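Enquirer: To start, I am sharing the structure in question, which I have written as structure tokens.
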Amino acid sequence: METWSDYLRVLIALFVIVNPIGAAPVFLTMTSNWPAAQRKRTALSAALTVACVLVGSVLAGEWVLRLFGIDVPCFQVGGGILVLLIAVSMLHARPSRAKQTPEEARQAEEQETAGVVPLGTPLLAGPGTISTAIIYAQAAKTMWETAMLIAASLIVALCAWTALRLADPIGALLGRTGINIVTRLMGLILAAVAVKFIADGVSHLLPGLAATGG
């Protein structure tokens with residue numbers, strides 16, 4: 001990451017996989033009978049959860065990989081496959097089971113507050129989000145680049161809070177069809193990001209194959 005366009009790509013990738021616009025209908029369903037004050041607290045706690053998960057992944061990702069003895073290229077391929085599966089679900093405009101299972105969704109509807117689990121994680125900041133943040137963190141070579149990743153994470157968390165606070169007007173403006181269209185577009189972008197993760201990982205694991213392809 002050397003230019004502002006690189007940071008912009010990271011910001012877009014994180015925003016797309018968190019997909020706060022797609023989470024708005026889920027938030028509306030979960031909180032339909034809640035008072036306004038409680039909905040505000042839930043939106044805030046969900047956004048804070050996203051911020052903590054993303055920043056934690058950026059700062060502790062390398063330590064986790066070392067702890068389990070996982071090479072970065074292997075993680076790029078594995079994380080890329082996971083992100084690709086989430087992207088395919090988004091292209092079909094349906095929630096990925098990697099983010100939230102039907103059982104978790106039913107449990108959330110029964111809880112008085114669900115800002116941290118399952119709304120903040122795994123719905124917004126799930127395994128795919130964590131994998132993406134760790135992969136980008138491994139590419140950061142300086143403190144400045146790490147700081148920019150943290151800034152991007154906080155911006156995405158702010159976007160998540162904004163989308164949840166504006167869930168009612170977003171739902172009224174876009175409708176279910178409009179939100180599905182936005183989700184599919186984000187899924188297409190995310191699929192391209194996932195393929196790049198996989199290609200970068202494979203090029204390091206199989207340098208001979210990369211040389212042949214070039």
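The values are calculated or read from the model by the stated rules, or taken from the named source; none is laboratory data. The shown structure was predicted, so the numbers you read here are calculated from the model rather than taken from an experiment. Backbone-built Cβ (ideal geometry, glycine too); neighbour counts: all protein chains shown.
Enquirer: Among the numbered criteria (1) within 17 Å of the chain's Cα centre (by Cα); (2) in contact (Cβ under 8 Å) with a residue 24 or more places away in the chain, which one does Q38 miss?
Expert: The failed condition is (1).
Enquirer: Another question, then. List the number of the failed condition for T162; all other conditions in (1) hydroxyl-bearing (S, T, Y); (2) surrounded by fewer than 22 Cβ atoms within 10 Å (Cβ to Cβ); (3) at pLDDT below 95 hold.
Expert: Evaluating T162 over (1) hydroxyl-bearing (S, T, Y); (2) surrounded by fewer than 22 Cβ atoms within 10 Å (Cβ to Cβ); (3) at pLDDT below 95 leaves (3) as the failure.
Enquirer: May I pose another question? Answer with yes or no whether L54 is closer than 13 Å to S153 by Cβ, hydrophobic (A, V, I, L, M, F, W, C) and under 14 Å from the mean Cα position of the chain (by Cα).
Expert: For L54, the condition - closer than 13 Å to S153 by Cβ, hydrophobic (A, V, I, L, M, F, W, C) and under 14 Å from the mean Cα position of the chain (by Cα) - is met.
Enquirer: Tell me which residues, restricted to the stretch 59-95, are closer than 22 Å to T146 by Cα and under 13 Å from the mean Cα position of the chain (by Cα).
Expert: G79, G80, V83
Enquirer: Do we have any residue at all in the stretch 136-151 that's in contact with a Phe, Trp or Tyr (Cβ under 9 Å, 6 or more places away or on another chain), modelled with pLDDT of 90 or more, surrounded by 23 or more Cβ atoms within 10 Å (Cβ to Cβ) and part of a helix (DSSP H, G or I)?
Expert: Checked the stretch 136-151: at least one residue is in contact with a Phe, Trp or Tyr (Cβ under 9 Å, 6 or more places away or on another chain), modelled with pLDDT of 90 or more, surrounded by 23 or more Cβ atoms within 10 Å (Cβ to Cβ) and part of a helix (DSSP H, G or I).
Enquirer: Kindly indicate whether any position in the stretch 109-116 is modelled with pLDDT under 90, over 17 Å from I189 (Cβ atoms), assigned to a helix (DSSP H, G or I) and of a type in the set (V, I, T).
Expert: Yes, the stretch 109-116 contains a residue that is modelled with pLDDT under 90, over 17 Å from I189 (Cβ atoms), assigned to a helix (DSSP H, G or I) and of a type in the set (V, I, T).
Enquirer: Another one. Pick out, from the stretch 1-101, the helices (runs of 4 or more DSSP H) lying fully within it that include 2 or more residues that are surrounded by 15 or more Cβ atoms within 10 Å (Cβ to Cβ) and either aromatic (F, W, Y) or on the phi > 0 side of the Ramachandran plot (or both).
Expert: 4-18
Enquirer: Search the stretch 165-200 for residues being surrounded by 15 or more Cβ atoms within 10 Å (Cβ to Cβ) and polar (S, T, N, Q), and hand back the single one that is nearest to P127 (Cα to Cα).
Expert: T183
Enquirer: So if I check each of L28, L44, L11, L54, which one is under 14 Å from G126 (Cα atoms) and in contact (Cβ under 8 Å) with a residue 24 or more places away in the chain?
Expert: L54
Enquirer: Would you mention how many residues in the stretch 77-108 are out of contact with any Ser or Thr (no Cβ under 9 Å at 6 or more places or on another chain) and at pLDDT 90 or above?
Expert: 3
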